[in-house]
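Step one of this worksheet: look at the structure below.
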Amino acid sequence: QVQLVESGGGLVQPGGSLRLSCAASGRTFSSSDMGWYRQARGKQRELVASITSDGRPNYADSVKGRFTISRDNAKNTVDLQMNGLKPEDTAVYYCRSSTVVNVEGARVDRWGQGTQVTVSS
């Protein structure tokens with residue numbers, strides 16, 4: 001099974017930038033859809049950005065124009081470049097993979113442990 005490890009979180013000032021990376025192990029990364037989610041204190045988990053196995057991205061309205069998701073199938077990584085960070089971006093950010101596991105198209109989702117992003121002056 002794939003294992004996901006996030007890195008790159010930390011403390012940044014409002015308006016600053018941060019790049020998160022998710023490293024995947026296993027043999028199914030290139031055929032997996034990937035996503036970044038976040039969960040702020042006291043809030044529901046929400047999708048931030050996703051990218052399909054063939055590289056098509058999608059973004060939450062709240063981050064459009066500020067965040068960019070990308071993947072490198074040769075390195076089994078998916079990154080989230082975050083620019084123009086705001087205090088409301090503060091959350092634990094999680095990497096998720098969604099992988100088709102049989103011929104009927106059933107999927108299995110797997111999650112990393114998360115990395116904390118704090119935007120504060």
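The values are calculated or read from the model by the stated rules, or taken from the named source; none is laboratory data. All values derive from a computational prediction rather than experimental measurement. Here the Cβ positions follow ideal geometry from the backbone for every residue, glycine too, while neighbour counts run over all protein chains shown. Heavy atoms of the whole protein, side chains included, go into the accessibility calculation; ligands, DNA and RNA do not. Shrake-Rupley method; radii C 1.70, N 1.55, O 1.52, S 1.80 Å.
Report the residues of the range 62-104 in range of a label on Arg45: point 7 Å along Cα→C-beta, backbone N strictly under 11 Å from it. Residues 93-97 qualify, since their backbone N sits under 11 Å from the label point.
Heavy-atom accessible area per residue, the range 1-118, 1.4 Å probe: how many Å²? Can you show the working numbers first?
On the way: 6540 Å² over 118 residues.
That works out to 55 Å² per residue.
Taking 20 Å as the straight-line reach from the Cα of Lys43, the aspartates and glutamates in range (excluding those fewer than 8 positions away in the same chain) are Asp61, Glu88, Asp89. Note on Lys64: lysines with a C-alpha under 16 Å away, same-chain residues under 8 apart excluded, are Lys86.
Heavy-atom accessible surface of Glu88, to the nearest 10 Å², is about 120 Å², with a 1.4 Å probe and all protein chains retained.
Let me know the charge dipole size of the chain about its Cα centre in debye, to the nearest 20, where only the beta-carbon of Lys, Arg (+1) and Asp, Glu (-1) is charged.
Values: 15 positive and 11 negative charges, 29 e Å.
Computed about the Cα centre, the dipole is about 140 debye.
Here each label is just a point 7 Å from Cα along the line to Cβ, and for Ser7 and Ser98 those points are 2.7 nm apart. Only Cα sites of the range 31-90 enter the Debye sum here, all with the same form factor; the resulting log10 I(q)/I(0) across q = 0.21, 0.23, 0.28 1/Å is -0.82, -0.95, -1.22, listed in q order.
Overall, the accessible surface of the chain at a probe of 1.4 angstrom is composed of carbon and sulfur to the extent of 45 percent.
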